[in-house]
Amino acid sequence: MPKDRLQTQRFELKYIVTEETARAVRQFVRCYLKPDEFAASLPDQSYPVHSLYLDSPDLATYQAVQTGEKNRFKLRIRYYSSEDEAVYFEIKRRTNEVISKSRAKVRREFVEPLLEGRPPQLKHLVAPDGRQLAALQDFCRLMHRLKATPRSHVAYFREAWMSPENNSLRVTFDRDVRCEPEFGTAFRTEFGEAVAVFGRNVVIELKFLDRLPLWCTELVRSFNLRRGGAPKYAQGVFLLGEHRVSNQGVGLKRPPAPKPRAAAPASVAAA
């Protein structure tokens, strides 16, 4: 499981580019940043990221993105493999241009009880921690307020670069972003019926705590990058069709049993 490199409050700039442009950007970035220490140990310098998104019966958090609300949040449970003994309960908030995140590392055995309404306790955490307990309590409060339940499984391969001195700047490349309906907590890593959210394109994100370094400005100018939104969950639901993940879709035929995953696409394997 990747080490926790959480930036609790930051700014984000997102760009959707071709694989060719992503490779060129990587060559530029590597002059200033180092690979994330977990990703650096992997053959492609990429690791899989899986998220189970929770939403209300009428998809309130999805609709907030679609209507362009400046102050909004998302509820998700993040994991990295189907064998993980712990998962991360996360809240990602946007307040105007500022992104803030809180997360709690929860023992997997307590996921179902918490989603069913059991009050959060220190014993539910992998390690007793007051800040994480507060994050878990906040997650459950918002979940109950929305009557939120699992709706969608989103996954991708992440290549991450970070500042050599600290975690004040991160540049990530997300490839092969996929999304499918998911109403349970099996924490699967295989897909049955998914959509390719951004096709073969790559999502590049610049994540920084204070001011964007001048070399990043030069990077954007040199490659003529066009900033835009890249909401993985919201775009995935849009492509799937809202009825497939809202309460209207719960009674529909569930996706077929997942098939063994094929080898990673060339765009990932060659990274």
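The values are calculated or read from the model by the stated rules, or taken from the named source; none is laboratory data. The shown structure was predicted, so the numbers you read here are calculated from the model rather than taken from an experiment. Ideal geometry is used to build each Cβ from the backbone, glycine not excepted, and the neighbour counts take in all protein chains shown.
Search the range 25-72 for residues being aromatic (Phe, Trp, Tyr) and surrounded by fewer than 18 Cβ atoms within 10 Å (Cβ to Cβ), and hand back the single one that is nearest to the chain's Cα centre (by Cα).
Filtering the range 25-72 for residues aromatic (Phe, Trp, Tyr) gives 28, 32, 38, 47, 53, 62.
Then keep just the ones that are surrounded by fewer than 18 Cβ atoms within 10 Å (Cβ to Cβ); that gives 28, 32, 38.
Numbers: Phe28: 25, Tyr32: 25, Phe38: 17 Å.
Of everything passing the filter in the range 25-72, Phe38 is nearest to the chain's Cα centre (by Cα).
Residues being hydroxyl-bearing (Ser, Thr, Tyr) and more than 30 Å from Leu206 (Cβ to Cβ) are represented in the range 78-95 by at least one member. On the stretch given as the range 94-134, residues that are in a loop (DSSP other than H, G, I, E, B), surrounded by 14 or more Cβ atoms within 10 Å (Cβ to Cβ) and among the charged types (D, E, K, R) total 1.
Annotation: of all residues in the range 156-205 being aromatic (Phe, Trp, Tyr) and in contact with an Asp or Glu (Cβ under 6 Å, 6 or more places away or on another chain), the one that is surrounded by the fewest Cβ atoms within 10 Å (Cβ to Cβ) is Phe191. Just one of the numbered conditions (1) within 25 Å of His243 (Cα to Cα); (2) surrounded by fewer than 22 Cβ atoms within 10 Å (Cβ to Cβ); (3) modelled with pLDDT of 95 or more; (4) among the basic types (Lys, Arg) is not true of Arg151: (2).
Here Ala186 meets each of (1) part of a loop (DSSP other than H, G, I, E, B); (2) modelled with pLDDT under 95; (3) farther than 19 Å from Arg78 by Cβ with one exception, condition (3).
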